[in-house]
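What follows is a single structure, written as structure tokens, with notes after it.
The values are calculated or read from the model by the stated rules, or taken from the named source; none is laboratory data. Keep in mind it's a predicted model, so treat the numbers as computed, not measured. Every residue, glycine as well, gets a Cβ built from its backbone with ideal geometry; the counts of neighbours run over all protein chains shown.
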Amino acid sequence: MLWQRLFAIVAAVGAAALTLACAPPDVDDPRLRNRAVEFDAAALTRFLSQSVRLEGTPLAATSRAWLDRAHGCALLRAYGEANDPTPPLLECADSERLDPSLAQLLAEHRGTSDGILFWPIGQDGRLELRLDVDPAGGLSIEGLAVMPEADGPLALLIPDAEPPARSVLSRASSWLYARGRPQGGLRLTRFLPPESQADRLFALRGRLLEGALLSGTWELALLPPIEGGEVPLAVAALHHRAEAALLPALSEALDQLEATWPIRRTSRRFGLADGTNAEGGCFFDLPILPELEPCWVVTPRALVIGYHGDAIEATIGPPPVSAAPDLTASTPGTRLELQLDRIERSDRRRQAQTGKVTLGALFSRIDLQIRPEGPRRVRLSAQLTPSAP
């Protein structure tokens, strides 16, 4: 089933939320730079009673274990040293031998929220999350982040003080959509070590990914598989500064790719939302991944790259009448939305009923917003919305 393929995607989204919600710099007590969790048992039980229904998944197994520990407790708590590789054990606070002053400190930081979580990230990053569970089992997360000094792929999620540009990709049929404008621009080659496998295989280094030609805004969408296919289709948009300057850099990158692999590009025209057309191309003979037919097109505002040409057509072509309006430039920040209900409907159309409960049957969507708060600091808001009965 598609849910088996997509569970890893959902887990990655959850991991991103947890990774990007970090302790504020005014937390001076060194104990709160370790790993600490405190949660109201009744609130946690409301959430776990939902997730435990996902039979056969790691989330269900963990939920069952935590439900057993929550039975008969008013408050659950866990504490562990930052460098201890063993996850701290979540257990009834009444039975845990914890320094009373630390217990008081956790309670003060939790305030009226159902739960609080402190967690270190890397060598110098810190995490603080406040969590609340609504009566239907939906989960809200609010937090601040101090990101690690090291410059890695997570840097793409740290928002610039300037808002991202108006969206190019339509969200009308997407399962997942994300958009952001990172601090310091894209500069994608910083994530490609010289002589790395990706660099050797795809000749990715060049003017195209250095960042000077790109304006900074990126978009990502994940769409349903093509008719008869099994693989969800990814589309990315990299907003550029000038179409005329980008085209020769793209041609140079494609020439490098063709010199590395015995492949040749095929021209293809793509219709745009305003009724005009743009010249692009595809590789139809690149059998690296299932159903992979990578295509690209340069629009007046962005370079759009897709796993398959049909995905590009669906995201940049004329929108359906009922489509939601494209996101305009507004406040700074990175935004991600995962439409679990759309995945659920698609999966049920394509597969016979199995009787198993899926994540999309329990929750309709995940929304994540990351806003700039200062150097290395971000503020995060996340919402896991329960499905209607």
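At least 3 residues being of a type outside the set (Val, Ile, Thr) and within 27 Å of the chain's Cα centre (by Cα) is the threshold, and among the strands (runs of 3 or more DSSP E) wholly inside region 267-323 those reaching it are 302-306. Going through (1) more than 28 Å from PRO163 (Cβ to Cβ); (2) modelled with pLDDT of 90 or more; (3) β-branched (Val, Ile, Thr) one by one, ILE288 falls short only on (2). Evaluate the following for ALA244: is it surrounded by 20 or more Cβ atoms within 10 Å (Cβ to Cβ) and not assigned by TED's automatic domain parsing to the domain that holds GLU337? It is false that ALA244 is surrounded by 20 or more Cβ atoms within 10 Å (Cβ to Cβ) and not assigned by TED's automatic domain parsing to the domain that holds GLU337. Within region 163-175, not a single residue is outside any loop (DSSP other than H, G, I, E, B), closer than 19 Å to ARG335 by Cβ and either in the same structural domain as PRO88 (by TED's automatic domain parsing) or at pLDDT 90 or above (or both).
The single residue among ALA361, ALA314, ALA329 that is at pLDDT 90 or above and out of contact with any His (no Cβ under 7 Å at 6 or more places or on another chain) turns out to be ALA314. When ARG130, ARG35 are checked against the criterion of being over 20 Å from SER381 (Cβ atoms) and charged (D, E, K, R), a single residue qualifies: ARG35. Residues in region 294-309: is at least one surrounded by fewer than 17 Cβ atoms within 10 Å (Cβ to Cβ), over 24 Å from PRO164 (Cα atoms) and touching a residue at least 12 places away in the same chain (Cβ under 8 Å)? The answer is no, given that none of the residues of region 294-309 is surrounded by fewer than 17 Cβ atoms within 10 Å (Cβ to Cβ), over 24 Å from PRO164 (Cα atoms) and touching a residue at least 12 places away in the same chain (Cβ under 8 Å). None of GLU81, GLU108 is under 27 Å from GLY137 (Cα atoms) and acidic (Asp, Glu) except GLU108. All told, GLY111 falls short of being in the same structural domain as ILE366 (by TED's automatic domain parsing) and either among the acidic types (Asp, Glu) or under 27 Å from the mean Cα position of the chain (by Cα) (or both). Taking the listed residues ALA234, ALA259, the one that is in the same structural domain as PRO182 (by TED's automatic domain parsing) and outside any helix (DSSP H, G or I) is ALA234, with no other qualifying.
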